[in-house]
Every structure is written in structure tokens, then in C-alpha cells.
Amino acid sequence: MSNQLVTIATFNFTTEPNFLLFKAALEHHDIPYFAAEENTINANPFLSISVGGIRVQVHEEDVPEATSIWREISEADAEAIDNEDFGVHDSI
């Protein structure tokens, strides 16, 4: 097992839905991860920019599976945004 950690995704806040989904999915697939600066940002969200956000990192050998999981979450989010009408209605 390699000790090298690779950053797969970054987030600004601990309350972001995609951050929570990604962590849950990694746990579901038994992929160990490290959320660098999660506790710092949880304690003081204003530090997010200065510390570079929350970096979700996995071991090198888990990168392909973790990347695939993150891609699925990102694509589902993008599709959901595309399907929203952003408050535009046909009638008054």
C-alpha cells in the first residue's frame, strides 16, 4: 500500500452537498480517504480560501475508482442544473 496521497476534489465548505455525497460514496466503496483541512474549515469557514479549501485525498492505488465515483457525482450535479428552469415560467 502506497503512502502517497492524491487529491481528487476540492471543496470550499463542509456543508456542500457534493462533499458530503463524495465522502459517503467513498465510505460505501471502502475507499479510505483524508479530507485535508476539513476540521479547520468546519471550525472557521472564513479560512477556506487561505488554506486552499478541503482537499479530498486517497491513496494512489485508489485513484481510478475514486475518480470514477467523483465523475459520476459531478455529472449528476451538472445534469440536475441543466434540467432546472431557474424560475422562468410560461405564464404570469
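Each row is one residue, and each column tells you yes or no for (1) among the basic types (Lys, Arg); (2) at pLDDT below 95; (3) surrounded by fewer than 18 Cβ atoms within 10 Å (Cβ to Cβ).
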{"position": "Ile54", "(1), (2), (3)": "no, no, no"}
{"position": "Gln57", "(1), (2), (3)": "no, no, no"}
{"position": "Pro64", "(1), (2), (3)": "no, no, yes"}
{"position": "Thr67", "(1), (2), (3)": "no, no, yes"}
{"position": "Glu75", "(1), (2), (3)": "no, yes, yes"}
{"position": "Ala80", "(1), (2), (3)": "no, yes, yes"}
{"position": "Asn83", "(1), (2), (3)": "no, yes, yes"}
{"position": "Gly87", "(1), (2), (3)": "no, yes, yes"}
{"position": "Ile92", "(1), (2), (3)": "no, yes, yes"}
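Within the range 64-75, residues that are under 12 Å from Phe19 (Cα atoms) reach partners that are open to solvent by 80 Å² or more (accessible area, probe 1.4 Å) with beta carbons closer than 6 Å, at six or more positions or on different chains, in the pairs Ile73/Leu21. Could you list, in sequence order, all residues of the range 13-43 that are assigned to a loop (DSSP other than H, G, I, E, B) and loosely packed, with under 11 Cβ neighbours inside 10 Å? Scanning the range 13-43 gives a single hit, Asp30.
Restricting attention to the range 44-56, and to residues there that are in a strand (DSSP E or B) and among the aliphatic types (A, V, I, L, M), which single residue is nearest to Ile69 (Cα to Cα)? Ranking the candidates gives Val56 first. The single residue among Phe11, Phe34 that is within 20 Å of Ala76 (Cβ to Cβ), aromatic (Phe, Trp, Tyr) and touching a strand residue (DSSP E or B) at 6+ places or on another chain (Cβ under 9 Å) turns out to be Phe11.
The values are calculated or read from the model by the stated rules, or taken from the named source; none is laboratory data. Since the structure is predicted, the reported quantities are computational estimates derived from the model, not experimental observations. Neighbour counts are summed over all protein chains in view; Cβ atoms, including those assigned to glycine, are modelled from backbone coordinates with ideal geometry. Quick note on the areas: whole protein, heavy atoms, side chains included, nothing else; ligands and nucleic acids left out. Shrake-Rupley method; radii C 1.70, N 1.55, O 1.52, S 1.80 Å.
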